[in-house]
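To start, the structure itself, in structure tokens.
Every number in this text was worked out from the coordinates using simple rules, so none of it is lab data. For clarity, every value in this text was computed on a predicted model and none was experimentally measured. Every residue, glycine as well, gets a Cβ built from its backbone with ideal geometry; the counts of neighbours run over all protein chains shown.
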Amino acid sequence: MTRTRFPRPPAHRSPARFAALSTALFTASIAALLAMAPPPAQAQSAPSPLASFTRTLNAAISGYNREHLNGVSPEACAAACLADARKSWCVSFDYYKASQQCDLSDKRAADVGGLKTDYAGNPYDHYALIPGPGVPNPIVGPYGRRHVLVIGIDGLRGDALFCAGCATTPALSQLAAVGAFHGNVLAGGSQSTYSGPGWGTLFTGYWADQHGVTGNDASLPLRKPHVFDRIKLAYPTATIAVVGDWANITGNLKPVGADFVVANAAKNSQQATDAVKGWLSWTNPPTAIFYYLHNVDIHAASYDPYNAYYQSKIAGEDAQIQQVLDALAARPTYAQEEWLIVVVSDHGGTGSGHGGQSAGERDAALVMTNRYRNPTKPAYCQGDLTGTPLPQTGALTPHVLDFLGLVNDTAGSKHPACGSH
């Protein structure tokens, strides 16, 4: 094989000089490339917290503020609303432009009948948090993601439903027709028939001597876990929501791990309904919702099932429930989901009050179904269950735990006709 002979470098190109020249050329080339390159990208700043809000000029929902801040910019108000300490409740704020103040609120415009836009001088702008898609429900059964909607009707007697001459309740009647009904859940007995003990028992599956809420004192903490907290313990990414106007419901009786808590105005059921409809509009609604309705607890006239005033309050809350059921069934993915809807009450009543141990005061209600406008789902529970005694400890918590496949170690037991499927 013939080798190619390369000429030897001239004597004046010594190896050292050649290396130096090569280094110089390399350095010059890199410098030229750097000169041609675009300038380095600037570090991207974090998005403004205002990006999470929609702004309505010259408007406010003044009068519904929960926290007032002074000397702040709109960005600072938005950041405060989104902060961990407030994210469970803050959904909007009004900004007072002239004095750099803002009012943080747990209400949206839809919750309070719309924005007020006729303030003299237009001093406010309203910022509403853009609802997120929600967190996907981690509880999946053979018939889709499993959710729980608990509807609490304060003061509803079980014998005031589905009887000749009783209130007309198309929404509750539809639920009972495709599910189950118990007309005499036993409240009271070992505890008073006040609301605090009743809701405490429903939420925990224990009587008041164990759960600790022996009266309506809002400083009494639950000493047993709330059923929604049991869900959180088993499924940490599950989200839970509570809405109610009674301070105890959003205070000492609420789940410790509640993700969304809305306190509506006193006896304003439409605000509570709007909050639930908002949650149901999310792509991923909360895993469990408690929706509290207060108007049936009249403390006036009579809790008699045939009293016209009492009936009117029951019918009014039924109309609210229908709005929520319509919003639920309108979900695009509803057919691929399984919702256990449970309607419960904390006590009944007699005359114009409750708290004692009369039959009317101890008579609470239960309606339950997983098949509302979803008839392909096997029934979790079916028919009139009233013939089998059911204490209040068994009305809510054991059924929710059973439906979600969680162990029930409470003092209550589910109705024997109901069960996992």
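DSSP H helices in the chain with Cα extent of 24 Å or more along the helix axis and mean Kyte-Doolittle hydropathy at least -1.0?
Numbers: long enough: 15-36 (32 Å, 1.48); 308-329 (31 Å, -0.11).
Passing helices, by number: 15-36, 308-329.
If I model region 42-126 as equal point scatterers sitting on the Cα atoms and use the Debye formula, what is log10 I(q)/I(0) at q = 0.10, 0.27 Å⁻¹?
These q points yield log10 I(q)/I(0) values of -0.24, -1.49.
Looking at C81, S195, V227, which one has the Cα that reaches farthest to the positive end of the dipole of the chain (charges on Cβ: Lys, Arg +1; Asp, Glu -1)?
So the residue we want is C81.
Kindly rank 308-318, 409-419 from highest to lowest mean number of other beta carbons found within 10 Å of each residue.
308-318, 409-419
Lys/Arg Cβ at +1, Asp/Glu Cβ at -1, dipole of the chain taken about the Cα centre: which of Q322, L186, H354 is farthest positive-ward?
It is Q322, whose Cα lies furthest towards the positive end.
Please report, in whole Å, how far the alpha carbons of the chain spread along each principal axis, starting with the longest.
Sorted from largest, the Cα extents of the chain read 120, 71, 38 Å.
How large is ³J(HN,Hα), in whole Hz, for each residue of region 112-122 in order, when computed from phi with the Karplus curve 6.51 cos²θ - 1.76 cosθ + 1.60 and θ = phi - 60°, using x for Gly and Pro?
Coupling constants for region 112-122: 10, x, x, 7, 8, 10, 10, 5, 4, x, 6 Hz.
From the Cα gyration tensor of region 146-198, with a ≥ b ≥ c the square roots of its eigenvalues, which class applies: rounded if a/c is under 1.5, or else prolate if a/b is larger than b/c, or else oblate?
oblate
Restricting to DSSP H runs of at least four residues, report the calculated mean residue ellipticity at 222 nm for the chain, -39500 (n - 2.57) per run over all residues, nearest 500 deg cm²/dmol.
On the way: 10 runs with 106 residues, N = 421.
When only DSSP H runs of four or more count, the value is -7500 deg cm²/dmol.
Given the pairs K224/K313; K267/K414; K87/K116, which span a C-alpha to C-alpha distance of over 29 angstrom in this model?
K224/K313; K267/K414
About its Cα centre, what dipole magnitude does the chain give when the only charges are +1 on Lys and Arg Cβ and -1 on Asp and Glu Cβ, stated in debye to the nearest 20? Don't skip to the answer; put the middle values down first.
Details: 30 positive and 30 negative charges, 579 e Å.
Using only the charged Cβ atoms, the result is roughly 2780 debye.
How far apart, in nm, are the 7 Å Cα→Cβ label points at A329 and Q382?
Placing both labels 7 Å beyond Cα along the Cβ direction yields 2.0 nm.
Seen from all sides and averaged, what is the projected area of the convex hull of the Cα atoms in region 194-279, in nm²?
Quarter of the Cα hull surface area: 5.5 nm².
If packing is taken as the average count of other Cβ atoms within 10 Å, what order do 203-209, 328-334 fall into, highest mean first?
Descending packing order for the listed peptides: 203-209, 328-334.
So if I place +1 on the C-beta of Lys and Arg and -1 on the C-beta of Asp and Glu, and nothing else carries charge, what would the dipole magnitude of region 60-134 be about its Cα centre? I want it in debye, nearest 20.
Computed about the Cα centre, the dipole is about 80 debye.
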